[in-house]
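Please read the structure below before turning to the comments.
Computed from the coordinates by the stated procedures, all read-outs in this text should not be read as laboratory data. Since the model is a prediction, treat every value here as computed from it, not as a measurement. Using ideal geometry, Cβ is built from the backbone for each residue, glycine included, and neighbour counts are taken over all protein chains shown.
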């Protein structure tokens, strides 16, 4: 059993990672699932470097596993590297699980094999492995992780709003009266908050108009309603050529302006319902 768990299984895992690495170099892969394609987008570097790291780690694990059959010191080093690999793979896989629509099958296979190696190598310590895996999984679950998906994908209207915002209620009431179809997006969504923070918008409602010609942002209930009722006040499309007289970055100063129109202030944490006449910016933490 010791040879099977410390030599044979690491050898299979080393072979599996090596084959996948070779196939990736040939622009193909053993893993064709969507989760595998999205997993590389979560890394700060090229995914191939992670494959190289896996090959080296499994080669060292295989060597330590073989030496551990006759040496207690090598056995301790083998288990230390094994548990570190499990913790590392658990972190990667947990983040993928919450960020991606589906996890990477390649990473799942590696994780499952490492768990099997730990189970058969030292059953008495397997409870410790389970505790570490669950702790990492729960810890990652407590983080507000941005989902690796597009909310504004098809053409249409997308309203970033809150159920307690009086200005949002005005827009939604107008849309209902005029039978205007739209997709509501809660400001509590991590992606929505990250987008608003990125473009320096601190109030809602915000309407995203996605069309073939480009994408337009409208901020504030008055601008949104006026766009549909009077067709007088509009915002330039994000894909149109911007005037040269804009700011130093080439973006009009009022394009992403949320404070020029009354709106409900938003922060990183949930706030109490705003008042209709409240236009004070809430400091972000």
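Multiplying the sequence separation of residue 226 and residue 29 by 0.36 nm and subtracting their Cα-Cα distance, what value in nm do you get? It would help to have the intermediate numbers written out before the result.
Numbers: separation 197, 0.36 × 197 = 70.92 nm, distance 5.17 nm.
Going from the current span to full extension adds 65.7 nm.
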**Complete:** Long-range alpha-carbon pairs in region 110-230, meaning those over 22 Å apart, account in percent for 51
**Asked** Of the listed peptides 217-224, 115-122, what is their order by residue-averaged count of other C-beta atoms within 10 Å, with the highest listed first?
**Response** 217-224, 115-122
**Fill in**
So the FRET efficiency between residue 131 and residue 154, C-beta based with R0 = 45 Å and rounded to 0.05, is 0.55
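Using the Kirkwood radius built from alpha carbon pairs, what does the Stokes-Einstein equation give as D for region 2-141 at 25 °C and 0.890 mPa s, in µm² per second? List each step's numbers first, then the result.
Details: Rh = 15.5 Å.
The calculation lands on 158 µm²/s.
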**Message:** Taking R0 as 30 Å, what FRET efficiency do you get between residue 18 and residue 141 from their Cβ-Cβ distance, rounded to the nearest 0.05?
**Reply:** 0.40
**Message:** Starting from 0.36 nm per residue, how many nanometres of slack lie between residue 120 and residue 194 once their C-alpha separation is accounted for?
**Reply:** 22.2 nm
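Sorted by mean Cβ packing within 10 Å, highest first, what order do the peptides 186-196, 125-135 take? Before the final figure, lay out the partial values.
Values: 186-196: 16.3, 125-135: 13.6.
Top of the packing list down: 186-196, 125-135.
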